[in-house]
Amino acid sequence: MTNIILLGPPGAGKGTQARRLVEERGMVQLSTGDMLREARTSGTEMGKKVAEVMDRGDLVTDEIVIGLIEERLAGNHGSGFIFDGFPRTLAQADALGALLGRTGRQLDAVIEMRVDDEALVDRITGRFTCGQCGEVYHDKTQPTAKEGVCDVCGSTDLRRRADDNEESLRQRLMEYYKKTSPLIGYYYALGDLFTVDGLAPIEDVAAAIDGVLKQAEAGRG
Ligand code: ADP
Ligand code: AMP
């Protein structure tokens, strides 16, 4: 079991890399953003409560996301968990440490995907995903082979997120710098932090992440 966190601002490429790790290594992706969007689509009370907060680009409460993660930790773990978009606050990081400890698990690596803000606007405003299989695309850098059709599953249900606009992105970035970036120091101090260049092409980022996983697994013995 190898459990990792992908840490980085919105648009850093966390979801893109997580999908690959699921495919190639049989890991299980735990994306709190995806879970919250699912709750919205299915119209649950919680989904209704968080919709406005998400669209504004603010963080939802720690209590809600910690609850979502706790539920999933009890389920299928494949060859390990990828925490994508969680934790986002120090309180969430502490809670994750406690939850993993309680279930006899450990964190093997926290991978910081470093990018500059300039690139994020382009990445976020060009992003779209397949509503059926979740494949991540980009208008310029990662378009579908056939316009309007998902390469992976053939669906025509291609979607853009309500919060993928410049205004929400500005707020999401502010939240990231205020509340999430302190986690870089936190995990550095715990000795768990690795950094990769998120501006590199997708395949190069993937290779760098594989290198980190090998190193973390070797270190564990
Ligand atoms: P996050 O999950 O961190 O918010 P995504 O994985 O959804 O980020 O990626 C955001 C956008 O950037 C998507 O449109 C994706 O296709 C594109 N993207 C991801 N990684 C790269 C990369 N290394 N180079 C160029 N574009 C990328
Ligand atoms: P993401 O899909 O990771 O970009 O997340 C989209 C939105 O969901 C964020 O802007 C927040 O509003 C909310 N969200 C996702 N994960 C968390 C989290 N761990 N803590 C608080 N809010 C979250």
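The values are calculated or read from the model by the stated rules, or taken from the named source; none is laboratory data. None of the values given here were measured: they were computed from a predicted structure. Neighbour counts run over all protein chains shown; Cβ positions are idealised from the backbone, glycine included. Note: areas computed on protein heavy atoms with side chains; ligands, DNA, RNA excluded. Shrake-Rupley method; radii C 1.70, N 1.55, O 1.52, S 1.80 Å.
Observations, loosely collected:
- Scanning the stretch 117-140 for residues that are open to solvent by 40 Å² or more (accessible area, probe 1.4 Å) and either assigned to a helix (DSSP H, G or I) or without any contact (Cβ under 8 Å) to a residue 12 or more places away in the chain (or both) turns up 117, 118, 121, 122, 123, 125.
- Condition met for residue 106 (open to solvent by 50 Å² or more (accessible area, probe 1.4 Å), touching a helix residue (DSSP H, G or I) at 6+ places or on another chain (Cβ under 8 Å), within 9 Å of ligand 1 (Cβ to nearest atom) and of a type outside the set (Gly, Ala, Ser)): no
- The number of residues in the stretch 141-167 being open to solvent by 70 Å² or more (accessible area, probe 1.4 Å), closer than 20 Å to residue 8 by Cβ and free of Cβ contacts under 8 Å to residues at least 60 places away in the same chain comes to 2.
- The stretch 21-67, residues that are farther than 30 Å from residue 211 by Cβ and among the hydroxyl-bearing types (Ser, Thr, Tyr): 41, 42, 44, 61
- Residues satisfying the criterion are present in the stretch 47-55 (criterion: open to solvent by less than 40 Å² (accessible area, probe 1.4 Å), of a type in the set (A, V, I, L, M), within 14 Å of ligand 1 (Cβ to nearest atom) and out of contact with any Gly (no Cβ under 6 Å at 6 or more places or on another chain)).
- Residues in the stretch 77-105 that are over 18 Å from residue 36 (Cβ atoms), among the polar types (S, T, N, Q) and modelled with pLDDT of 95 or more: 79 only.
- In the stretch 29-52, the residues that are closer than 22 Å to residue 78 by Cα reach residues that are among the charged types (D, E, K, R) and more than 12 Å from ligand 2 (Cβ to nearest atom) with C-beta atoms within less than 8 angstrom, at least six apart or across chains, in these pairs: 29/19; 30/72; 35/72.
- Residue-level check: of (1) of a type outside the set (Phe, Trp, Tyr); (2) open to solvent by 20 Å² or more (accessible area, probe 1.4 Å); (3) within 23 Å of residue 9 (Cα to Cα), residue 98 misses just (3).
- Selected residue (criterion: most open to solvent (accessible area, probe 1.4 Å)) from residues of the stretch 168-196 that are of a type in the set (Phe, Trp, Tyr) and more than 13 Å from residue 117 (Cα to Cα): 188
- Among the candidates 205, 196, residue that is over 17 Å from residue 81 (Cα atoms), in contact (Cβ under 8 Å) with a residue 40 or more places away in the chain and outside any helix (DSSP H, G or I): 196
- Selection count, the stretch 1-42, where residues are small (Gly, Ala, Ser), buried (at least 22 other Cβ atoms within 10 Å of the Cβ) and more than 8 Å from ligand 1 (Cβ to nearest atom): 0
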